[in-house]
Structure formats: C-alpha cells, structure tokens
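Engineer: Structure incoming, see below.
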Amino acid sequence: MVAFIDRRRAEYRVEPICAQLPIAPSTYYEHEAREAQPERKPPRLRRDAEISGEIRRVYDDNFQVYGARKVWRQLGRDGIAVARCTVERLMRSLGLQGVVRGAKRRTTISRDRTEYPADLVKRQFAAIRPDQLWVADFTYVATLAGFVYVAFVIDVFSRRIIGWRVSPARCMDLVLDALEQALWARSNSKGVIHPERPGLPVSLDSLH
C-alpha cells in the first residue's frame, strides 16, 4: 500500500489517495520517516530487522534448504538468542521455506478382503527363551543417496536383529532375504513362530 502511494503521490498527492484507501496520512508519513531514520522504529521492529538479516545469512549459507527449526538451532549455535516462533514468523514474512523431502513412502497397504493365517500368539509379543518368537518389520530410510527400503527380523527374547536386508526397491525378495538370513543365523532353532505379516505370526517349522 505504501509503495502504491509512492508511485502516485506526485500525480494525486498523499491525502486524496489515503482518503480512498484504509490508511491514514499520518501512518504513511510515519513509515516514510522511519525509512529515512531507522532509529525511530520501535525496538521490536529494529530487532526483527536485525534477526531477519541473520536468518537470511544462515539460510543462504546452507544452500537455502534449512527450515525454521534448523535455522533456529544454527542461530543458537552462533550465540543469537531468539525464540523459534519468531524465526518461523520472520521466515514467513521473508518468503523463506526449507526444502521438503520427497513424497511419503508407503510400506503397508491394507487389503481387508485378503485371507490371513491364524494369530498363534494372540497378540502377546513376549518370549521366555531365544528363538521362541520372531517379529519382522519393513520400512524406509532417507540417505544422502535417496530413500532405501529396509527389512529386518528380530528375536523377541533378546531384541536382537538376526536378519536384515537393504534395497533401493520395494520388493518381495527384500523381505524374504532378511528371513533367509535369520534362518541361516539360527539354523538350529526349532518351533519358532514368525509373522507372515506384522501382527499375525505363523510357525516356521516347515521352513527348516
């Protein structure tokens, strides 16, 4: 609005323009005076201008990928005390935004009509000896080279990972290879129960 008045004040004068806009002439003149004399600005505005410059510095120094949280932490490491909400507010006013990671990955797709095996442990995930119950999971991890998928098998008794595999592709072989590694590592185990899918364990005796 101030910029609009600046462009047309020579032709129409300030007061007539302000009469048509939701701004008082005194507000416009005070803004102009503060631009000419920064010391006239309220302490908060002077502080905001100072912090905005530091935010811009941190943002540019880090390839313009930092969001408000990382900018705020870096300012703290630099000895600049400022609230995180202030950093968020000033970054919005500056039009600065951190890089958002790629689209969310899905590792579980529910199919209600699929027939699943019986739940042999009644959702009681506890064991009193090694190789009594194994559980598995399948997830993804962000790395510098991109997302990779991870499958692993855990012995419930010791909470130890006994089989795992990493792959850039989401495929059945990834999960089966993790299970094969667990079976090789615990080749002498008998009577193990392991889930075919999370939450529905089945016996693995037939795989030995």
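Engineer: Using the Cα gyration tensor of the range 1-65, with a ≥ b ≥ c the square roots of its eigenvalues, what is the shape: rounded (a/c below 1.5), prolate (a/b larger than b/c) or oblate (neither)?
Structural biologist: On the way: a/c = 3.43, a/b = 2.09, b/c = 1.64.
Verdict is prolate for the range 1-65.
Engineer: Please sort 151-164, 46-59, 5-18 by packing, taking for each peptide the average over its residues of neighbouring beta carbons within 10 angstrom, highest first. Intermediate values should be presented prior to the final figure.
Structural biologist: Numbers: 151-164: 18.1, 46-59: 16.3, 5-18: 13.2.
Order by mean packing, descending: 151-164, 46-59, 5-18.
Engineer: Also: With θ taken as phi - 60° and the coefficients 6.51, -1.76 and 1.60, list the Karplus ³J(HN,Hα) couplings across the range 57-73 in order, rounded to whole Hz; mark glycine and proline as x.
Structural biologist: Per residue, the Karplus-derived 3J(HN,Hα) values read 4, 5, 4, 6, 5, 10, 6, 6, 10, 6, x, 4, 5, 6, 4, 4, 5 Hz.
Engineer: Let me ask you something else. Which whole-number percentage describes the relative contact order of the range 2-94, with Cα contacts under 8 Å and a sequence gap of 6 or more? Walk me through the numbers before you get to the answer.
Structural biologist: Details: 42 pairs, mean separation 16.0, N = 93.
Relative contact order for the range 2-94 comes out at 17 percent.
Engineer: A further question on this structure: What length, rounded to one decimal in nm, is gained on full extension from Asp61 through to Ala49, with 0.36 nm per residue of separation minus their alpha-carbon distance? Write down the numbers at each step before the final one.
Structural biologist: Details: separation 12, 0.36 × 12 = 4.32 nm, distance 1.84 nm.
My answer for the length gained is 2.5 nm.
Read the figures in this text as sums done on the coordinates, not as results from a lab. What you see is a predicted model; the values in this text were computed from it and never measured. Ideal geometry is used to build each Cβ from the backbone, glycine not excepted, and the neighbour counts take in all protein chains shown.
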